[in-house]
């Protein structure tokens, strides 16, 4: 193995470009190859994504491939960064781990629980590291929120409200719920995973959702039930809105904490001026998740902040949310 881990990236669409742009300043890993079946993507400077643009990348010196077979033949790498459509994650993750590579997989982990189980089993059998790149777990303001919940700095959490809405993505595969899972799995899952990361598996979920454009759940609101004295937790997600908006509000006994983006957090205490907290250092969750996973590989430890079993549980919760929306009833998870 070279001084730095060598990474290859497969799927050079919007999130692939985002990931690629975060490698040049990494301490423990370098990008050596990029793969996509569409040669035209390498000619684009940048691509629009939900919260802006993916950014321009310098691929000089980086091997370009047009199939996974070609990538495995031409490039020598230790880590595969998967930014493909969701329904393809498991197939390429399993093949990469069997070939001896560690795997970083873009969110969502997989389309189905069976695929998640296959990936986790393969990681165990091959002794390879596997992590899903859940960006909110690496966003400084969400990490601070988790700290507030665990330390009781503002007393007990009473209520958490999460909202993540946008218009319909343009690429066709998003419009097929068998591939994307619809807004519920592709977009709303970020907040489902945040809820799971903060509080663990709920006792039950009740999702109010509609089917409008894709055959999947395109607009929804979920209530997550925890123990009797647990917080009131709900999350809204939609592909049926005009503009993208993401926010979170946590009501504690002694303060309300509001989050915007990845690096803004405001604390409101009764009778006091609002306190704005900004995180200028290590504020990029996409950089942070790659750096964290590479460090885990180098040091031979498991990615405790984002273990495969935990992200598998997020897929399980999302599957229960879909069943709840379609059946119009609560679904138990305990």
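Every read-out reported here was derived from the displayed coordinates using simple, explicitly stated rules and does not represent laboratory data. Remember, it's a predicted structure, so these values are computed and weren't measured experimentally.
What to note about this one:
- Helix axis angle, 285-299 relative to the chain longest principal axis, alpha carbon, degrees: 60 degrees
- Rounded to the nearest 10 degrees, the inclination of helix 89-98 to the longest alpha-carbon principal axis of the chain is 50 degrees.
- DSSP bridge orientation in the chain - percent antiparallel, rounded to nearest 5: 55 percent
- Beta bridges per DSSP with both ends in segment 5-133, % antiparallel, nearest 5: 10 percent
- Structure-based [θ]222 nm, the chain - -39500 (n - 2.57) summed over DSSP H runs of at least 4, per residue, nearest 500: -9500 deg cm²/dmol
- Here Kirkwood radius over Cα pairs in Å was computed from the coordinates, and among [x] 26.6; [y] 21.9; [z] 20.5 the match is [z].
- With Cα atoms, 0 to 90° folded angle of helix 113-126 axis to the chain main axis: 50 degrees
- For segment 155-230 versus segment 281-302, the spacing of their alpha-carbon centroids is 26 Å.
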